[in-house]
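The values are calculated or read from the model by the stated rules, or taken from the named source; none is laboratory data. Source: prediction; values computed, not measured. Note: ideal-geometry Cβ built from the backbone for every residue, glycine included; neighbour counts use all protein chains shown.
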Amino acid sequence: MVVSNLLDIPGHLLGHMTALAHVTPTSFVVLRGDNFHHAGQARPRPQFQKTFPCPAHLLEESKSAISTDYFWYHGIRVGAFDILFRAQQLLAISDVRGSFYADPVKSQVSLEKVASFDADLDLSSRPTISA
């Protein structure tokens with residue numbers, strides 16, 4: 001594996017880097033640093049669902065297991081969560097002063113970029129821990 005590109009993609013702290021490492025001539029592993037803390041901050045996304053469809057039994061279970069009171073979205077039917085119609089992440093980047101995110105706006109922009117990597121068949125996204 002050869003690291004071929006370093007990207008400045010601030011996560012919860014400024015200066016975090018993301019690396020693209022070649023694993024085949026056309027595919028990469030994305031070493032995404034600490035861009036976000038929970039997969040729910042990046043997913044669900046419509047593009048991710050198209051590339052990696054959620055198993056039918058999980059889609060069905062999520063309708064009653066995920067609260068529409070807390071995970072509301074435009075067009076929702078109360079009490080019937082539907083992950084396929086949700087276009088935004090489940091968990092927001094915190095903008096509360098003193099939270100994990102030094103710059104919440106830049107962190108959200110970074111998250112949008114990393115989420116597009118997440119849905120690409122030629123990019124395998126992996127979290128890495130910062131020291």
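Annotations for the structure displayed:
- Among all positions in the range 26-44, there is at least one residue which is among the acidic types (Asp, Glu), closer than 27 Å to Tyr73 by Cα and in the same structural domain as Leu123 (by TED's automatic domain parsing).
- Residue match in the range 111-122 (condition: in the same structural domain as Ser4 (by TED's automatic domain parsing), assigned to a strand (DSSP E or B) and under 16 Å from the mean Cα position of the chain (by Cα)): no
- Sole exception among (1) aliphatic (A, V, I, L, M); (2) loosely packed, with under 12 Cβ neighbours inside 10 Å; (3) in contact (Cβ under 8 Å) with a residue 12 or more places away in the chain for Leu59, by number: (2)
- Residue check, Phe48 free of Cβ contacts under 8 Å to residues at least 24 places away in the same chain, surrounded by 14 or more Cβ atoms within 10 Å (Cβ to Cβ) and of a type outside the set (S, T, N, Q): no
- Single match in Thr24, Thr68 (criterion: surrounded by 15 or more Cβ atoms within 10 Å (Cβ to Cβ) and more than 17 Å from Ile9 (Cα to Cα)): Thr68
Residue by residue, here is whether (1) assigned to a helix (DSSP H, G or I); (2) more than 22 Å from His37 (Cβ to Cβ) holds:
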| position | (1), (2) |
| --- | --- |
| Pro53 | no, yes |
| Leu59 | yes, yes |
| Ser62 | yes, no |
| Tyr70 | no, no |
| Tyr73 | no, no |
| Ala87 | no, no |
| Ser94 | no, no |
